[in-house]
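Report on one structure; see the data block that follows.
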Amino acid sequence: MLQNKLSSHLSLLTKKEPVISRQFIPSECENIVTQSASEDPLNEEMYSPVRGLVHKYENRVLVLLTMNCAAYCRFCDRRRSVSEIKKGIITAKDIDVMCAYVTKHPEIHEVIFSGGDPLTVPEILKQALQKFTSLSQIKIIRIGSRLPVSNPLRITSQVLDALRVVKKQPLYMMLHFEHPAEITPETVKAVKKLQSVSTMSLSQSVFLKGVNDSEDILCELFTRLVEIGVKPYYLFRCEPVRGAEHFIVPFDREVEIATRLHERLSGLSVPSYVIDVPGGVGKVPVALNFWKVNRSSFTDFQGKKVKTA
């Protein structure tokens with residue numbers, strides 16, 4: 001069961017903004033579960049050869065440094081393990097085992113750090129970055145975080161020092177934003193700090209019913225992100241995660257909104273609208289209304305037919 005957790009920053013924000021509250025405060029809707037829901041919709045545990053590492057795509061790996069965050073998003077696709085403190089502790093030994101695995105797979109050249117939120121454990125992050133960046137095969141580092149939104153005051157000198165370990169590789173910060181109300185003055189300051197030690201900042205967003213399922217809201221969000229130097233990267237369809245299905249927006253509505261965003265925004269401001277296919281086979285881009293297509297199903301990267309509804 002996903003615990004309830006708010007930072008002091010979000011506690012203030014949820015009182016002012018119902019759309020923020022909906023993302024972080026538990027709801028009775030979480031008790032409504034259908035047969036299509038799954039605890040692990042992306043099959044990450046199946047693709048985890050060693051503790052803390054997910055190897056789904058041939059040339060890159062996902063490293064889960066911690067299962068804890070500054071605040072818990074109710075739509076998280078890792079609800080099954082986020083907030084489980086004992087399960088979420090990664091040790092120096094775990095990092096060594098992960099590096100040994102990567103070394104045995106020379107086709108891996110990119111490491112993506114996630115969790116939980118890796119910026120909440122700067123000491124562990126620093127150790128991991130030191131180890132992985134020392135491997136000659138690693139050419140790209142990515143770090144996913146929502147800390148600038150959930151608790152921007154925790155973007156401290158310790159966090160920045162950890163990120164400065166990355167010197168030879170480009171460092172891409174993947175920041176989660178769901179609504180323009182999240183772009184507070186404190187968050188902007190935190191983003192600027194991260195930009196001072198990274199190569200590029202990109203954003204990831206999820207379509208959420210009752211939060212951002214609006215053309216105007218997403219248009220404002222992506223416009224404001226570009227204005228603070230964050231490139232909108234992905235706009236995801238919400239996963240059928242057990243306990244989070246009430247956030248899922250009707251597919252046709254998502255397509256309509258995503259189409260309108262392309263009509264209204266510059267290419268720099270428009271993210272790729274994708275479905276991270278349940279079953280763990282990749283992020284498939286969705287055809288928009290500029291084309292006449294049958295969207296009742298599509299094929300994944302392995303040629304398997306997948307129904308959209």
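Counted by neighbouring Cβ atoms within 10 Å, the residues 264, 22 run from fewest to most as 264, 22.
Note on residue 292: lysines with a C-alpha under 28 Å away, same-chain residues under 8 apart excluded, are 209, 283, 304, 305, 307.
Determine, from the Cβ-Cβ distance of residue 97 and residue 168 and an R0 of 22 Å, the FRET efficiency 1/(1 + (r/R0)^6), rounded to the nearest 0.05.
Result of the calculation: an efficiency of 0.45.
What percentage of all Cα-Cα pairs in the chain are separated by more than 34 Å? Mind showing how you got there, number by number?
Details: 8507 of 47586 pairs.
Considering the chain, 18 percent of its Cα-Cα pairs are separated by more than 34 Å.
For region 96-146, the square roots a ≥ b ≥ c of the C-alpha gyration tensor eigenvalues yield an a/c of 1.5 or more together with a/b exceeding b/c, which makes the shape prolate. Here, P(r) means the percent of Cα pairs in each 10 Å bin from 0 to the largest distance; for region 37-181 it is 11, 44, 36, 9, 0. The alpha carbon centroids of region 210-264 and region 25-56 are separated by 21 Å.
Grab the beta carbon distance between residue 252 and residue 196, set R0 = 30 Å, and tell me the FRET efficiency rounded to 0.05. It comes to 0.10.
Only aspartates and glutamates eight or more places from residue 16 in sequence, or on another chain, were considered; those with a Cα closer than 12 Å are 182.
Extension gain for the segment residue 227 to residue 130, taken as residue separation times 0.36 nm less the Cα-Cα distance, is 31.7 nm to one decimal.
Evaluating kT/(6 pi eta Rh) at 4 °C and 1.567 mPa s, with the Kirkwood radius of region 3-76 over Cα pairs in the Stokes-Einstein relation, gives 87 µm² s⁻¹. Calculated on C-alpha atoms, the gyration radius of region 121-204 divided by its Kirkwood radius gives an Rg/Rh of 0.98. Only helical DSSP H runs with n ≥ 4 go in: add -39500 (n - 2.57) per run for the chain, normalise by residue count and round the 222 nm mean residue ellipticity to 500 deg cm²/dmol. The helix contribution divided over the chain gives -8500 deg cm²/dmol.
Values quoted throughout were computed directly from the atomic coordinates according to the rules given, and no laboratory measurement underlies them. Not measured: the values here are computed from a predicted model. Neighbour counts are summed over all protein chains in view; Cβ atoms, including those assigned to glycine, are modelled from backbone coordinates with ideal geometry.
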